[in-house]
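Here's the structure, in structure tokens; my notes come after.
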Amino acid sequence: MTGAQNVDGRVLTPQRLLLQLHEWAEALGFSQIGVADVNLSSAEPGLLQWLHNGFHGAMDYMSLHGVKRARPAELVPGTVRVITARMDYLPRDRPEGWQAVEWQRLEDSRHAGVSMYARGRDYHKVLRGRLQKLADRLAAEVGPFGHRVFTDSAPVLEVELASRSGIGWRGKHTLALHREAGSMFFLGEIYVDLPLPVTPPAEAHCGSCSACIDVCPTRAIVAPYRLDARRCISYLTIEHKGPIPAELRPLMGNRIYGCDDCQLVCPWNKYAKRSALPDFDSRDAMSEATLLQLWHWTEDDFLRHTEGSAIRRIGFERWQRNLAVALGNALRARPSEDIVQALAQRRPGATPLVQEHIDWALSQGRTA
């Protein structure tokens, strides 16, 4: 792309267009923009091996698309470049030393552990709308073009695209890392048929550090850059629909939706940026509540409190399942008649899945 006319007939250089993309993106709340080529062939062997090992668990959509995940031009015919975007999500109210605050919450067995990214508005809605606005702004400048917006919503190798376009490098926990922003950010993509200039890839800076591997409660990071989702607490509490394996339940502690441990321990997250948007401000019900308070919610309470939140997607049954496991772990840590009564009272009207986890939770009190 040596130069293109915009709708007014002015010639835009590639560098000028990239600069304008960044300016438009910043106005929409994004922190960084990159452009990746569509040749991801070198990532295909690793993807296929990961799928062969069954590390995707019950996420069948990962295997259904096969290598198409690594072939943007097959996923969206006509694609020649991918615009990548970073949006920081650390809530604006997080104090200095926020990692220590989060560790303290996880150590309090009565507190409900909810991943920070899920405490505010559903990021899918925030990013998708703003990425589309970015695409619309680009179309207003250069004229109509083929494109499709993605934000954790389709078979896209997000971290691979992010690293190739300079957004960050793949950390050993498999998340994208940036030297000046850590990993507390969302990724989004716009597949385009415009031959935009590619931005330089990011260099890796994990070195010999293995903090994320060592801290993982369930040992889900089976090797550097290799995650077995079947053991990951985020997968178990969000994606997994059935019973949580009994041997993993004690390792989950009070984490009821997601897990931030590998990010909390990462040295690079001392540089994590607070969000520029109020969308990711923490809701009190998701950041301050105790396990018992959440356990007493009815389904109507759940739907009301999770309106516009990513948490709603797991549904009330899985919400109760996760809480039952956490309450069982709380019972084992500190016997409580209040917890025993609350679990027993809810059991008769619970679904078989929840009843199974209630029974397990009650058994933890008897063995404490």
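Each value in this text was obtained by applying a stated rule to the coordinates, not by laboratory testing. Everything numeric in this text was worked out from a predicted model, so none of it was measured. Cβ placement follows ideal geometry from the backbone for every residue including glycine, while neighbour counts extend to all protein chains displayed.
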Review point. Expressed as an acute angle from 0 to 90° and rounded to the nearest 10, what is the orientation of the C-alpha long axis of helix 315-333 relative to the principal long axis of the chain?
Key: 50 degrees
Review point. Which ³J(HN,Hα) values, rounded to whole Hz and listed in residue order, are derived for region 176-188 from phi using the Karplus coefficients 6.51, -1.76 and 1.60 in 6.51 cos²θ - 1.76 cosθ + 1.60 with θ = phi - 60°, glycine and proline given as x?
Key: 6, 10, 10, 4, 10, 8, x, 10, 7, 8, 8, 10, x
Review point. Over what distance in Å are the Cα centres of region 156-177 and region 197-258 separated?
Key: 15 Å
Practice item. Report the far tail of the P(r) of the chain, meaning the percent of Cα-Cα pairs longer than 39 Å. Key: 20 percent
Check your understanding: Whole-Hz Karplus ³J(HN,Hα) for region 239-252, in order, using 6.51 cos²θ - 1.76 cosθ + 1.60 and θ = phi - 60°, x for Gly and Pro?
Key -> 7, 6, 9, x, x, 6, x, 4, 6, 8, 4, x, 7, 7
Check your understanding: Among Ala310, Ala272, Ala246, which one moves the most in a GNM of the chain with springs linking Cα atoms closer than 10 Å?
Key -> Ala246
Exercise for review: Please give the contour-minus-distance gain from Gln20 to Asp214: 0.36 nm per residue of separation, less the Cα-Cα distance, rounded to one decimal in nm.
Suggested key: 65.6 nm
**Study point:** Expected 222 nm ellipticity per residue - DSSP helices of 4 or more, -39500 (n - 2.57), all of the chain, to 500
**Key:** -11000 deg cm²/dmol
Point to revise | Cβ-based net charge around His305, under 10 Å, with every Lys or Arg adding one and every Asp or Glu removing one | key: -1
**Study point:** Bridge type composition, the chain - antiparallel percent by DSSP, nearest 5
**Key:** 90 percent
Study note, to complete from the structure: Counting only residues 5 or more apart in sequence or on a different chain, those whose built amide H sits under 5 Å from that of Phe185 are Tyr89
Revision key, fill the gap. Glu23 neighbourhood, Cβ < 12 Å, K/R = +1, D/E = -1, net charge 0
Study note, to complete from the structure: Calc'd 3J(HN,Hα), region 215-232, phi into Karplus 6.51 cos²θ - 1.76 cosθ + 1.60 (θ = phi - 60°), Hz, glycine/Pro = x, comes to 8, 4, x, 10, 6, 6, 7, 6, 6, x, 6, 9, 10, 8, 4, 4, 9, 7
Check your understanding: How far, in degrees from 0 to 90, does helix 14-27 lean away from the longest principal axis of the Cα atoms of the chain, to the nearest 10?
Key -> 30 degrees
Practice item. Express in whole angstrom the spacing between the alpha-carbon centres of region 299-351 and region 81-146. Key: 26 Å
Review point. Roughly what would the spin-label model give for Arg137 and Lys270, points 7 Å off Cα along C-beta, in nm?
Key: 3.4 nm
**Study point:** Long-range HN-HN contacts of Arg121 with modeled amide H, under 5 Å
**Key:** Phe280, Asp281
Point to revise | Choice from Leu291, Leu323, Leu303 showing the highest fluctuation, given a GNM over the chain with Cα pairs closer than 10 Å | key: Leu303
Exercise for review: Under 22 Å between C-alpha atoms is the cut-off here; go through the chain and count lysine pairs that meet it, provided they're at least eight residues apart or on different chains.
Suggested key: 4
Exercise for review: Normalising by the residue count of the chain, find the relative contact order in percent from Cα pairs under 8 Å and 6+ residues apart.
Suggested key: 21 percent
Exercise for review: Any chance you could give the angle, 0 to 90 degrees and rounded to 10, that helix 352-367 forms with the longest Cα principal axis of the chain?
Suggested key: 60 degrees
